[in-house]
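See structure below.
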Ligand SMILES: *Cc1c(COP(=O)(O)O)cnc(C)c1O
């Protein structure tokens, strides 16, 4: 077994996906499962597919290629780049879009490959990342009219996203606004959208309170089944809204990050000599706590930022990090030896970093 190592519990992931799909199905909502945090791992995509999620989404086309053998529908969660259209048609059944020029290119390529590609047209209701601005109704209408004329393109639905760049939260107000824009367009164009995709896992609190605007019948969800909680910016979303959320039906602690001790020593707590800045141009201050026992671990900022991990042994304190080492204080904990493994809990940021670090071994467990 090699370290550092990230253990991902597939049984728990599948279980959470199942709970999620079934509880949302009851109120008429289909889930698109977002796999992007795992950097295209087919194991995790397959686990949520087995949990009942029919469509799996990735942000990178290269990751859709990695999950090509999973028997789910595949979606590109980010607008396709003009430079990657052939692979988008090859590896994605669905993509999120907001540029008509891109959709035209998708149509052309879909004709060439003799495929039908589905488009989720994105509107921006205020979060200021992707999507046609919601007040620009003429533009939304003309883009839809243009899409309807394109060969080999099918409209999957209308989508919107919240709580990403702008941290604009999904609310009853902006959800209703989104549905009403969709209904107006349906009337004008004589069509019916299969899906109104109302947001990501941060919309779940509206579901939980029973106030998700009627008409929204699709959510794109990752964090909820990945953590068993609604996790935003290192905080439980629960803290923002209310404390009664029925999150108990989900399991958490799906991940353990493990690193190996490569040096043990007892040293002063304050560096000796004149101090400069570190490799990240930060000046540092140190509190003199005398000599203390410490350990060096074989991972660093290049793998996971230490601010986003928590030692399971609560007596361990993380002292700091360089690009390739992490230093922990073990003065108050049990005896550790050279070669011992230190386990950590991790948050979304750390999971994202770990999955994207080639220096960390990924292990999929099923217990
Ligand atoms: C990342 C993303 C999601 C999923 O977000 P979670 O917080 O993991 O639920 C949904 N939609 C879009 C467009 C995204 O980029």
Filter result for the condition that a residue is outside any loop (DSSP other than H, G, I, E, B) and within 16 Å of the ligand (Cβ to nearest atom), over 350, 363, 295: 350
Residues of segment 344-367 satisfying the condition of being within 22 Å of residue 229 (Cα to Cα) and crowded, with 16+ Cβ neighbours inside 10 Å: 344, 346, 347, 348, 349, 350, 351, 352, 353, 354, 355, 364
The lone exception for residue 96 - which of (1) touching a helix residue (DSSP H, G or I) at 6+ places or on another chain (Cβ under 8 Å); (2) in contact (Cβ under 8 Å) with a residue 40 or more places away in the chain it fails: (1)
Leading residue by the ranking (nearest to residue 270 (Cα to Cα)) among those in segment 320-337 that are in contact with a strand residue (DSSP E or B) (Cβ under 6 Å, 6 or more places away or on another chain) and surrounded by fewer than 17 Cβ atoms within 10 Å (Cβ to Cβ): 320
Where a residue in segment 19-40 is over 21 Å from residue 70 (Cβ atoms) and more than 10 Å from the ligand (Cβ to nearest atom) and its partner, wherever it lies, is modelled with pLDDT of 95 or more and in a strand (DSSP E or B), with Cβ under 9 Å and at least six apart: 29/218; 29/219
Residues satisfying the stated conditions in segment 143-165, i.e. within 16 Å of the ligand (Cβ to nearest atom) and touching a helix residue (DSSP H, G or I) at 6+ places or on another chain (Cβ under 7 Å): 158, 160, 162, 163
Residues located in segment 86-142, provided they are in a helix (DSSP H, G or I), within 16 Å of the ligand (Cβ to nearest atom) and either in contact with a strand residue (DSSP E or B) (Cβ under 8 Å, 6 or more places away or on another chain) or within 21 Å of residue 179 (Cβ to Cβ) (or both): 88
Search result, residues across segment 278-316 that are surrounded by 15 or more Cβ atoms within 10 Å (Cβ to Cβ), free of Cβ contacts under 8 Å to residues at least 24 places away in the same chain and within 21 Å of residue 264 (Cβ to Cβ): 306
Matching residues, segment 60-78, being touching a helix residue (DSSP H, G or I) at 6+ places or on another chain (Cβ under 7 Å) and surrounded by fewer than 17 Cβ atoms within 10 Å (Cβ to Cβ): 65, 68, 69, 71
Any hit, segment 185-194, residues being surrounded by fewer than 17 Cβ atoms within 10 Å (Cβ to Cβ), more than 30 Å from residue 114 (Cα to Cα) and within 16 Å of the ligand (Cβ to nearest atom): no
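The values are calculated or read from the model by the stated rules, or taken from the named source; none is laboratory data. Since we're looking at a predicted model, the values are computed, not measured. Ideal geometry is used to build each Cβ from the backbone, glycine not excepted, and the neighbour counts take in all protein chains shown.
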